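In what follows, a structure is listed as structure tokens, so that the remarks can point back to it.
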Amino acid sequence: MLRWIVWRDLMLAWRRRSDMLSTVFFFVIVVSLFPLGIGPETQLLRSIAPGVVWVAALLASMLSLGRLFANDYQDGTLEQLLLTPQPLSLVVLGKVLAHWIVAEIPLVLIAPLVGAQFDLSSNTLLVLLVSLVIGTPILSLIGAVGAALTLGLRGGGVLISILILPLYIPALIFGAGAVEATIIGMSPAPHLYLLGAFAIISLLFSPWAASAALRISLE
Amino acid sequence: MRGDRRLFSGLDFSLSPGTFVQLTGPNGSGKTSLLRILCGLLAPAEGNIFWQGADIRSLREDYVTAVTYMGHRPGVKDELSAVENLRIANALNGVEVNQPDALAALQRMGLKGRESLPARFLSEGQRRRVALARLILCGTRLWLLDEVMTSLDKGAVELVRSLIEEHLQRDGIAIVATHQELELSAGVTKRLELTT
């Protein structure tokens with residue numbers, strides 16, 4: 001069942017490729033604005049790079065999260081998904097997985113490229129990539145709770161940012177922390193372990209919380 | 001209960017196989033709420049719903065597999081073609097449908113030649129027909145249809161009527177909220193009128 005939901009959402013995303021591309025372009029542009037604005041001060045650029053890339057990733061995922069359930073809600077397919085025999089948290093997990101593949105993986109893959117503008121070493125870029133691989137599932141998972149809570153509300157897009165961005169802070173601290181540690185010559189491992197732990201916790205709680213929120217939103 | 005308002009109370013009925021219930025009542029009388037309660041999307045403020053002697057809240061998945069609910073919105077994805085919509089909707093409900101069966105169902109609903117067109121190119125009524133094609137393939141016992149005849153032409157209403165008749169002959173139950181009269185030649189017809 002899970003594979004049908006993932007496959008369905010991937011196919012829908014493929015048919016609306018422009019949505020996916022706009023998220024990636026947003027990420028690239030936001031990250032690129034900093035080196036352009038600050039100028040060629042490599043020391044400064046290197047020290048702000050981890051934070052800038054991570055914050056841009058958080059903001060970019062905000063763009064796509066609003067659509068996670070809203071489209072299905074509008075055409076009535078979400079109701080039908082609620083009435084399928086599998087547990088709703090599994091449905092949510094399938095949608096989150098599809099969202100991660102569609103909206104987050106392109107960011108992860110392009111991050112080393114945009115990170116190169118900040119004069120980071122190849123080792124640092126690798127750690128940036130790894131931190132995003134571990135950290136971006138957190139963005140999709142926690143974001144799903146926010147998307148479910150704000151479903152059907154007017155101005156939900158702004159509300160979801162206010163609700164969810166504070167919850168992203170641990171991911172931001174440890175994700176950017178891992179990259180900073182590498183820049184100053186320390187091991188990124190402790191940060192990455194904590195980031196991984198946070199990912200597991202959100203994997204355990206988010207599908208359950210999001211499905212509870214969805215039931216309330218659809219009453 | 002919607003908000004502070006009590007829509008209906010003291011509602012008590014049981015249905016045997018092969019029964020068709022025509023649910024009528026003015027706008028806002030609670031037809032949709034009743035159907036949503038019956039399918040489990042909405043919890044009743046008081047009371048219980050039993051399916052084959054067991055409370056639907058304790059049955060959960062077993063009950064869901066016996067019910068097909070269709071709401072105001074057809075639940076058809078614009079980006080997917082008619083045939084993809086049909087196959088995915090069924091697969092998510094645990095019924096895997098092969099391509100020829102799906103095409104045959106769409107043909108019966110009068111969508112021949114439009115099977116692989118993205119649904120956004122279909123008219124409102126045609127989209128409704130795509131949604132209704134699910135009834136041919138779903139194989140559930142209880143149908144809850146909410147105003148599914150809106151934006152359908154005469155021919156399509158006739159199709160829905162024959163689908164419901166076949167369903168009743170297979171010992172199914174159908175509860176249909178509608179403003180149009182449906183005269184069925186099979187099964188037992190009951191009327192339930194809600195008032196405001």
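Please treat every number below as a calculation from the coordinates, not as lab data. For clarity, every value in this text was computed on a predicted model and none was experimentally measured. Here the Cβ positions follow ideal geometry from the backbone for every residue, glycine too, while neighbour counts run over all protein chains shown.
Summary table below
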item	result
Selection count where residues are within 11 Å of another protein chain (Cβ to nearest Cβ) and either in a loop (DSSP other than H, G, I, E, B) or more than 18 Å from the chain's Cα centre (by Cα) (or both), scope the range B:37-52	4
Exclusive hit being small (Gly, Ala, Ser) and more than 14 Å from every other protein chain (Cβ to nearest Cβ), set B:Ser116, B:Ser9, B:Ser33	B:Ser9
Flag if B:Ile56 is more than 19 Å from B:Trp143 (Cβ to Cβ) and among the aliphatic types (A, V, I, L, M)	no
Members of the range B:67-90 that are part of a loop (DSSP other than H, G, I, E, B) and either free of Cβ contacts under 8 Å to residues at least 12 places away in the same chain or under 12 Å from the mean Cα position of the chain (by Cα) (or both)	B:Gly71, B:His72, B:Arg73, B:Pro74, B:Gly75
Candidates A:Leu44, A:Leu63 - the one that is surrounded by fewer than 22 Cβ atoms within 10 Å (Cβ to Cβ) and without any contact (Cβ under 8 Å) to a residue 12 or more places away in the chain	A:Leu44
Looking only at the range A:149-163, and only at residues there that are in a helix (DSSP H, G or I) and touching a Ser or Thr at 6+ places or on another chain (Cβ under 6 Å), the one that is nearest to A:Phe205 (Cα to Cα)	A:Ile160
Residues of the range A:7-41 that turn out to be of a type in the set (A, V, I, L, M, F, W, C), within 14 Å of chain B (Cβ to nearest Cβ) and either surrounded by 18 or more Cβ atoms within 10 Å (Cβ to Cβ) or free of Cβ contacts under 8 Å to residues at least 12 places away in the same chain (or both), as a count	5
Qualifying residue in the range B:95-106 (condition: under 23 Å from A:Leu12 (Cβ atoms), at the interface with another protein chain (Cβ under 9 Å from one of its Cβ atoms) and touching a Gly at 6+ places or on another chain (Cβ under 9 Å))	no
Count - residues of the range B:57-71 that are more than 7 Å from chain A (Cβ to nearest Cβ) and surrounded by fewer than 20 Cβ atoms within 10 Å (Cβ to Cβ)	6
Of the criteria (1) out of contact with any Pro (no Cβ under 9 Å at 6 or more places or on another chain); (2) more than 14 Å from chain B (Cβ to nearest Cβ); (3) within 20 Å of A:Ala209 (Cβ to Cβ), which one A:Glu104 fails	(1)
Residue list for the range A:71-94, restricted to those being more than 12 Å from chain B (Cβ to nearest Cβ) and crowded, with 19+ Cβ neighbours inside 10 Å	A:Val92, A:Leu93
